[in-house]
Amino acid sequence: MIIFQHVTKEYNHHGTVALDKVSFKIQHGEFVSIVGRSGAGKSTVVKLLIGEDKPDKGQIFFGSYEVNKLKPSDMPEYRRHIGVIFQEFRLLTRKTVFENLSFALEVAGRPQREINEFVPQVLEMVGLTDKAKNFPTELSGGERQRVAIARAMINRPDLIIADEPTGNLDPLNTWEVIKILMKINELGSTVLLATHDKEIVNTLGQRVITLEDGKVVRDEEHGRFLIG
Ligand code: ADP
C-alpha cells in the first residue's frame, strides 16, 4: 500500500508550493492515473515516492517503508521495489537492449543464472525478442520505451511508476505502451501513471487522482479526465 498523508512540498527559492497537503492511499494491485495540467505537481508526487526528494511536511509510506525517513544508504534497497519509466526513456546508449536489461539485474546483485532467465522473459513480454542485440539508437521511440518498461519490470518490483511515458510517442506506440502497462497490472503489480493525456485516462476507466496547483481536487474510482 502507498500512503501520502498531508504531504506538502515547497520550492522556497521560487516561492512555489508544488504539493499542498496531498493525501491519498493506493492499494496493492491498483492501476491509478495521476492527472493534471503541466505544473500541477504530478512529477513531484513521483519524485517524493521514489525518494529522489523529501517532503517539507507530511508522511509517505510504501509497504513497510516510511519513505520520507529513508537515508541515502537505504535507497538502493528501497528502489528495488519500484520500477520507473520516464518520458525520455533514459536508456544506456552504449549498451545493447540485452545489456541495458542485464545491467539492471547486475547492479541489483542478481546472479548470471537469473540474467539468462529473466532478460529473455521480459523481452518477450514487451515483444522485442528480435531486438536484443540492437542499440537504443537503432530502435523507434515506441521500441525504446518498451525496452524501458522491460527494464523497469526486470527486478520484479511491486510497483511500476510511469511518468508521462507516452509524451514522446505517436498514438499507435502510445497504445502499445498502455497495453503493456495494463498487462503488467493484470499480472499483479501496482501501476501509477502520471499523465496529461486525456484520451488514455478516459479509455482506461480506472481510478483517477486529479491535481490542480498542487492539491488533490478529485479522486474517483472510475474517473475521467475533466480538466479543460
Ligand atoms: P507536473 O509534473 O504536473 O508538470 P511538477 O511536479 O513538475 O508538475 O511541478 C509542480 C510545481 O513545482 C511547478 O510549479 C514547478 O515549476 C515546480 N517545481 C518542480 N520542480 C522544481 C524544482 N526543482 N525547483 C523549483 N520548482 C520546481
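Scan segment 57-73 residue by residue and report those that are of a type in the set (Val, Ile, Thr) and without any contact (Cβ under 8 Å) to a residue 24 or more places away in the chain. First the steps, then the outcome.
Going through segment 57-73, the residues of a type in the set (Val, Ile, Thr) turn out to be 60, 67.
Within segment 57-73, VAL67 is the sole residue that qualifies.
Within segment 1-19, the set of residues being part of a loop (DSSP other than H, G, I, E, B) and either touching a helix residue (DSSP H, G or I) at 6+ places or on another chain (Cβ under 7 Å) or modelled with pLDDT under 90 (or both) comprises just one member, GLY15. From the list GLY51, GLY39, GLY29, pick out the single residue that is near the ligand (Cβ under 9 Å from one of its atoms) and assigned to a loop (DSSP other than H, G, I, E, B). Checking each option against the conditions leaves just GLY39.
Considering each of LEU172, LEU123, LEU139, LEU187 in turn, give the residue that is of a type in the set (A, V, I, L, M, F, W, C) and buried (at least 20 other Cβ atoms within 10 Å of the Cβ). Quick ask: steps written out before the conclusion?
Values: LEU172 fails: buried (at least 20 other Cβ atoms within 10 Å of the Cβ); LEU139 fails: buried (at least 20 other Cβ atoms within 10 Å of the Cβ); LEU187 fails: buried (at least 20 other Cβ atoms within 10 Å of the Cβ).
Among LEU172, LEU123, LEU139, LEU187, only LEU123 is of a type in the set (A, V, I, L, M, F, W, C) and buried (at least 20 other Cβ atoms within 10 Å of the Cβ).
Of the numbered criteria (1) touching a Ser or Thr at 6+ places or on another chain (Cβ under 9 Å); (2) more than 30 Å from TYR11 (Cβ to Cβ); (3) in contact (Cβ under 8 Å) with a residue 60 or more places away in the chain, the one ILE209 fails is (2).
The set of residues in segment 63-97 that are hydrophobic (A, V, I, L, M, F, W, C), more than 16 Å from the chain's Cα centre (by Cα) and part of a loop (DSSP other than H, G, I, E, B) comprises LEU70, LEU92. Could you look through segment 54-76, keep only residues that are within 15 Å of the ligand (Cβ to nearest atom) and surrounded by fewer than 19 Cβ atoms within 10 Å (Cβ to Cβ), and pick out the one that is farthest from LYS9 (Cα to Cα)? Among those that are within 15 Å of the ligand (Cβ to nearest atom) and surrounded by fewer than 19 Cβ atoms within 10 Å (Cβ to Cβ), it is LYS54.
Here segment 28-53 is the region considered, the condition is being without any contact (Cβ under 8 Å) to a residue 40 or more places away in the chain and under 16 Å from GLN5 (Cα atoms), and the residue that is surrounded by the most Cβ atoms within 10 Å (Cβ to Cβ) is GLY51.
Restricting ILE180, ILE115 to those that are free of Cβ contacts under 8 Å to residues at least 24 places away in the same chain and surrounded by 18 or more Cβ atoms within 10 Å (Cβ to Cβ) reduces the list to ILE115.
The values are calculated or read from the model by the stated rules, or taken from the named source; none is laboratory data. All values derive from a computational prediction rather than experimental measurement. Neighbour counts are summed over all protein chains in view; Cβ atoms, including those assigned to glycine, are modelled from backbone coordinates with ideal geometry.
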